Each structure stands twice: as C-alpha cells, then as structure tokens.
1. How many residues, within the stretch 104-130, are touching a Gly at 6+ places or on another chain (Cβ under 6 Å) and of a type in the set (A, V, I, L, M, F, W, C)?
2. Find the residue count for the stretch 19-36, including only residues that are more than 7 Å from the ligand (Cβ to nearest atom) and either at pLDDT 95 or above or not in a loop (DSSP other than H, G, I, E, B) (or both).
3. Being part of a loop (DSSP other than H, G, I, E, B), over 15 Å from the mean Cα position of the chain (by Cα) and surrounded by 16 or more Cβ atoms within 10 Å (Cβ to Cβ) is the filter here; which residues of the stretch 94-115 pass it?
4. Would you mind stating whether Leu70 is part of a helix (DSSP H, G or I) and more than 22 Å from Val207 (Cα to Cα)?
5. Write out, first by first residue and then by second, each pair whose Cβ atoms fall under 9 Å of each other, whose residues are 6+ apart or on separate chains, and whose first residue, in the stretch 60-74, is in contact (Cβ under 8 Å) with a residue 12 or more places away in the chain while the second is among the acidic types (Asp, Glu).
6. Suppose we filter Val207, Val194 for residues that are at pLDDT 95 or above and in contact with a helix residue (DSSP H, G or I) (Cβ under 6 Å, 6 or more places away or on another chain); which single one remains?
7. Find the residue count for the stretch 192-217, including only residues that are open to solvent by 10 Å² or more (accessible area, probe 1.4 Å) and not acidic (Asp, Glu).
Amino acid sequence: MLGTLADLVLPAPCAGCAAERRPLRFGMCVTCVTLLEALRPFRTAPTPPPPGLPRCVAVGAYQGPLRGALLAYKERGRHRLARPLGMLLAAAVAELAPRGRPVTLITVPSTAAAMRERGGDHLARLAGQAVRRLRGAGWEAGVIRPLRALPRPDSASLSATERRVAAENSLRIRSALSGFRRRAAPLRGTLVVVDDIVTTGATLAAVTRRLREADMQVTGAAVLAATRLRRASGGSSS
Ligand SMILES: [Zn+2]
C-alpha cells in the first residue's frame, strides 16, 4: 500500500538516464538535457544503402539519453517528450532545408495497430513540434501525411529483394491526396521524410520510392537516431 502511494506521489524518473528524485525539464534531468542540446546532426548512411535511400541526417547515435528519451516517449507514453525531441528533429531537418525555401515534412506512417498500441501517431506529434520550431526559426514549414501503412507479413523467410517489395507494397498513398495535390502549393520547396530511428534504411528508402512514384521528389530524410547496423537477423529492423 505504501509502495503504491509512493509511486503516485514521486515524480517520474528522468526519461534519459532513469535517475530518480531529480528536478525534471520536459521529463529529463539537467544532465540529459545538456547532453541532448550538445548533439549536432550528421550525415549517416547504412552500408550498403538500400536502393532509393535519399540523403539522410541523424541527430545522434541511438544510445544514452537520446535512446532513453525516445523509448520513454514511444513505448512508455511520456508524450511531453515530443517537444524536446521535436526540437532535435527540427535541427536535423534544417541540415537538409535551405533557408528561404518552404520545407514540408512527410512522416513515415505507422500501422493502425502500432498507433493503437502507442496511443496515437508518435511521429506526427514529433513532426508537429519540429514544424513549430522551424517556423520559429524563420522557415515556412508544414507537415503532410500522404502515406498509410498496411500490416506487413512476417518477412523473416524473404530475400532482401522480396522484403524490399513487401515494404513498398505495404505503403499506400492516401486517396484524399489526389485532392490535396491539386492545391499543389504545400509541395513546393524541400520535401523531407522524417522518422525516429534509421537502422538499415529500408523503410526510408521504401517511403521515398513510393513518394517519387506519386511525383513527390524527396530531398532527404531526417531522423532522431541512427543505430549501428548489426548483422541482419530477420526482417523486422527498419
Ligand atoms: Zn537524466
């Protein structure tokens, strides 16, 4: 009983390093905030890059407070982290988007099941915060979600090529988009695909190929974290 009460009263641990009883800003201790603010976006590319992968910029490696904050945000419902993480994502987008040109963010879609599990579209929230940040810094910025993701069959037994085809087939252009595209204006300027993590680049490449088929020329991809590529083990990494 006392344990349960304590859980209710004590503030959550730091999302970045799990330290307890620290003053938190956006759910993180001052050490983690400082470490995150010191990150500088860098060009990253998996080896070998999958066909169609655009230029890719990541905020940091998938480790330390960035990994902690991302997991807490995505898997443990710490939605307030969208703001600091979105600000970081904006820094990666800025590397790809020249000033003085409009920039449109395109989120990698989640399946309906993933959105139910996570209580919403975690990437759309991040992108919304990134757009706010970019506008504050003088960009004409917006976000669109032209794709939806269908459940993908288990791909463990598929070849690399078959996986590529399956990934692309699971992405559908929303039917409302034909109407959207007649308004054309938001698609001027720089198109940047955004995602939280890049591993093999397969998802970013599939999204980019799908968008190009629909005549949307992607300039690059911006992600929060880049994982070091491990030996391929099945097809679930993206
Ligand atoms: Zn911390």
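1. 2
2. Going residue by residue through the stretch 19-36, those that are more than 7 Å from the ligand (Cβ to nearest atom) are 20-21, 23-27, 30, 33-36.
Next cut, either at pLDDT 95 or above or not in a loop (DSSP other than H, G, I, E, B) (or both) only: 25, 30, 33-36.
Residues flagged as more than 7 Å from the ligand (Cβ to nearest atom) and either at pLDDT 95 or above or not in a loop (DSSP other than H, G, I, E, B) (or both) within the stretch 19-36 amount to 6.
3. Residues satisfying the conditions are Ala97, Pro102.
4. On the way: part of a helix (DSSP H, G or I): yes; more than 22 Å from Val207 (Cα to Cα): no.
Spelling it out, it is not the case that Leu70 is part of a helix (DSSP H, G or I) and more than 22 Å from Val207 (Cα to Cα).
5. Short answer, once both residue conditions are applied: Leu70/Asp196; Tyr73/Asp196; Lys74/Asp196.
6. Details: Val207 fails: in contact with a helix residue (DSSP H, G or I) (Cβ under 6 Å, 6 or more places away or on another chain).
Exactly one of Val207, Val194 is at pLDDT 95 or above and in contact with a helix residue (DSSP H, G or I) (Cβ under 6 Å, 6 or more places away or on another chain), namely Val194.
7. 10
Residue-by-condition table, conditions (1) at pLDDT below 95; (2) assigned to a helix (DSSP H, G or I):
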{"site": "Leu89", "(1), (2)": "no, yes"}
{"site": "Ala92", "(1), (2)": "no, yes"}
{"site": "Glu117", "(1), (2)": "yes, yes"}
{"site": "Leu126", "(1), (2)": "no, yes"}
{"site": "Trp139", "(1), (2)": "no, no"}
{"site": "Ser155", "(1), (2)": "yes, no"}
{"site": "Leu158", "(1), (2)": "yes, no"}
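The values are calculated or read from the model by the stated rules, or taken from the named source; none is laboratory data. Owing to the predicted nature of the structure, the values given are computational and were not obtained by experimental measurement. Every residue, glycine as well, gets a Cβ built from its backbone with ideal geometry; the counts of neighbours run over all protein chains shown. We work out accessible area using only protein heavy atoms, side chains counted, and drop any ligands, DNA or RNA first. Shrake-Rupley method; radii C 1.70, N 1.55, O 1.52, S 1.80 Å.
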